[in-house]
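What follows draws every value from the coordinates through simple rules; no lab data is involved. Worth saying up front: this structure is predicted, and the values here are computed from it rather than measured. Ideal geometry is used to build each Cβ from the backbone, glycine not excepted, and the neighbour counts take in all protein chains shown.
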Amino acid sequence: MQKKILIIGGPGTGKSTVLKELIRREYLCMPEISREVTRKAQEEGIDQLFLTDPLLFSKMLLEGRIQQYVDAENSDDTVVFFDRGIPDVHAYMNYISIDYPDIYKESSLKYKYDQVFLMPPWEKIYITDNERYESFEQLLAIHNHLKRAYEEIGYKIVEVPFGNIEERTEFILNNII
């Protein structure tokens, strides 16, 4: 039976770096898609789609993350890692205090992951860039919304301790149940 392992956390907490290490170790990993959505919008002249049209941005993320889930199920891999998950979408909409259709939470309940690892805010490694514009204080708020959203739909979250890439990756691999 396939295990779908989710790695969540606010921006700049090391998720993508750990996923790159898991890929190097030949695990199937579903990448974060929000940067791709943001870049496509920027190519069309919209600087920050999430801020300009959060419902459209969130709809695109939801569709992409559901497709990743389906793609994972269609693979022969016994363990699949995801860089963010479906519940992240409504967690971010809660963060910006916007009303959204029930389909977001319904999708979070329909497409369930087997385990959730949370990368906590770590100021030492946090940097901003063209797609990551949030301040560290905003990152802390996002972290709280993510944790709450996942706990509210029944996930038990495992927090990944600080450490180098190898230590954090080993922690995740050693704690898969």
Of 15/112; 20/105; 40/110; 20/124; 40/112; 4/147, which pairs sit farther than 23 Å apart, going by alpha carbon to alpha carbon?
20/105; 40/110; 40/112
On a C-alpha basis, how far is the centre of the range 1-76 from the centre of the range 102-177 in Å? Whole number, if you could?
13 Å
In what order do 82, 50, 171, 162 fall by count of nearby beta-carbon atoms within 10 Å, going from fewest to most?
162, 171, 50, 82
Can you give the extra length, in nm with one decimal, that the chain gains between residue 52 and residue 74 once fully stretched, where that is 0.36 nm per residue apart less the Cα-Cα distance?
4.5 nm
5 angstrom amide H check on residue 30, placed H, neighbours 5+ away:
81, 82, 83
Efficiency by 1/(1 + (r/R0)^6): what FRET value for residue 157 and residue 134, r their Cβ-Cβ distance, R0 = 22 Å, to the nearest 0.05?
0.60
Assign one of three labels to the range 1-135, namely rounded, prolate or oblate, based on the Cα gyration tensor with a ≥ b ≥ c the square roots of its eigenvalues; rounded applies when a/c is under 1.5, prolate when it is not and a/b is larger than b/c, and oblate otherwise.
oblate
